[in-house]
Amino acid sequence: MRAMVRGGVLLACLIVPAAAQSRGAAGVTIDNFTFGPEKLTVDKGTAVTWTNQDDIPHQIVLSTIGVRSKALDTDQSFAYRFDRIGTFAYVCGLHPQMHGEIVVK
């Protein structure tokens, strides 16, 4: 009986991460006028959160899909769930020299 419980627990541990991965979360940090990482690869259905750790405002703009955050002050975040496969370039709407890319597979 004990072996069956252990096996059931192991199976549950293997199933949960796969489900979490399909509707997961990932993060991008904004600091010192850069996005980190600059290029992020995620699975379809992942919510990406950008968090501003810089001491000035920044804004996330994904122009190809019409997504624009409000200006993010220090420690504020913006999240978007990527439900389409593709490559999505983005910039800071306040500092267009800042750019990044989300690759959704």
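The values are calculated or read from the model by the stated rules, or taken from the named source; none is laboratory data. Here the structure is a predicted model, which is why all the values come from computation and not from measurement. Glycine also receives a Cβ, built like all others from the backbone with ideal geometry; neighbour counts cover every protein chain displayed.
Tabulated values for the structure
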item: Strands (runs of 3 or more DSSP E) contained in segment 23-63 and holding at least 1 residues more than 15 Å from Gln97 (Cα to Cα) and among the aliphatic types (A, V, I, L, M); result: 25-31, 39-42, 46-52
item: Segment 77-105: number of residues that are closer than 15 Å to Phe35 by Cβ and either surrounded by 13 or more Cβ atoms within 10 Å (Cβ to Cβ) or modelled with pLDDT under 95 (or both); result: 18
item: Output for segment 64-105, where each listed residue is among the hydrophobic types (A, V, I, L, M, F, W, C), under 23 Å from Gly24 (Cβ atoms) and part of a strand (DSSP E or B); result: Val67, Leu72, Phe78, Ala79, Phe82, Phe88, Ala89, Ile102, Val103, Val104
